[in-house]
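Dropping a structure here in structure tokens format, bear with me for questions.
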Amino acid sequence: LHWSNADRDRRHALADEALAVARQVDDACVDGITPMYVMAKWEPSSRDDRLARVDELESRASGTGTLETRFFAHYLRQICLGEGGDMEAAAAELEVTSELADELRFPILRWRCLTRRSAMALLQGPAGGEPHALAALEVGQSSGQPDALSAFGAQYILVSWDRGTLVD
């Protein structure tokens, strides 16, 4: 549902309701719902709301939350900051996110970080993005991530486009 533009109002209403119900249960429930809330609300006009929810998540996670909760708080903040053009802050968040992914030792989290690192590097030009895209592909495929090849393909098209080798 979070990818459907046709059901935007319903998607937002369900996300709001899920977060309200989670708040009635406990912080752990809110922590579990918040990343899904952020995904359901993903659109340019909701950046401030998403960032506020992520800040709330990180605030709790830094006190008593799990490493996984801290990872998702920093991961989502990194994306929101990059979306807003604050690339320096986004890069700092990506460093924290990468450290947490290494500490957690979950290949999918490491793959997500490498994919984000490639996306950020591609904004600087094709040469910087290619090694990260290749590393993400390797980690993704070796750990059985079903989206690894399609994510790599999307990033490598940009590398080829920038180099003028897209037709090759």
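Through the Karplus equation 6.51 cos²θ - 1.76 cosθ + 1.60, θ set to phi - 60°, convert the phi angles of region 73-90 into ³J(HN,Hα) values in whole Hz; use x for Gly and Pro.
Along region 73-90, the couplings run 4, 6, 4, 5, 5, 4, 5, 4, 5, x, 4, x, x, 8, 5, 5, 5, 4 Hz.
One-quarter of the Cα convex hull surface for region 46-153, in nm²? Walk me through the numbers before you get to the answer.
On the way: hull surface 27.1 nm².
Value for region 46-153: 6.8 nm².
Probe of 1.4 angstrom, ligands and nucleic acids ignored: what's the accessible area per residue over the chain, in square angstrom? Don't jump to the answer; show the numbers that get you there.
Values: 9260 Å² over 168 residues.
Per-residue accessible area for the chain comes out at 55 Å².
Next question, about the same structure. What is the angle, in °, between the Cα long axis of helix 107-122 and the longest principal axis of the Cα atoms in the chain? Nearest 10 is fine, range 0 to 90.
Tilt of helix 107-122: around 60 degrees.
Ordered by packing density, taken as the mean number of other Cβ atoms within 10 Å over each peptide's residues, highest first, how do 160-167, 148-155 rank?
148-155, 160-167
From largest accessible area down, sort 29, 80; use a 1.4 Å probe on the protein chains. Display every interim value, and only then the final one.
Working: 29 45, 80 0 Å².
The ordering from most to least exposed comes out as 29, 80.
I would also like to ask the following. Using a 10 Å cut-off on Cβ atoms, rank the peptides 92-100, 17-25 from the highest mean neighbour count down. Walk me through the numbers on the way to the answer.
Numbers: 92-100: 19.2, 17-25: 13.3.
Highest-to-lowest ranking by the protection proxy: 92-100, 17-25.
I'd like the accessible area for residue 47: 1.4 Å probe, protein heavy atoms, all chains in place, Å² to the nearest 10.
Approximately 60 Å² for this residue.
For region 1-104, what log10 I(q)/I(0) values come out of the Debye formula at q = 0.16, 0.17, 0.22, 0.23 1/Å, with one point per alpha carbon and no solvent?
So the normalised log intensities are -0.70, -0.78, -1.17, -1.23.
The values are calculated or read from the model by the stated rules, or taken from the named source; none is laboratory data. Predicted, not measured: the structure shown is a model, and the values here were computed from it. For neighbour counting, all protein chains shown are included, and Cβ atoms are generated from backbone atoms with ideal geometry for every residue, glycine included. The accessibility values were calculated without ligands, DNA or RNA, using every heavy atom of the protein model including side chains. Shrake-Rupley method; radii C 1.70, N 1.55, O 1.52, S 1.80 Å.
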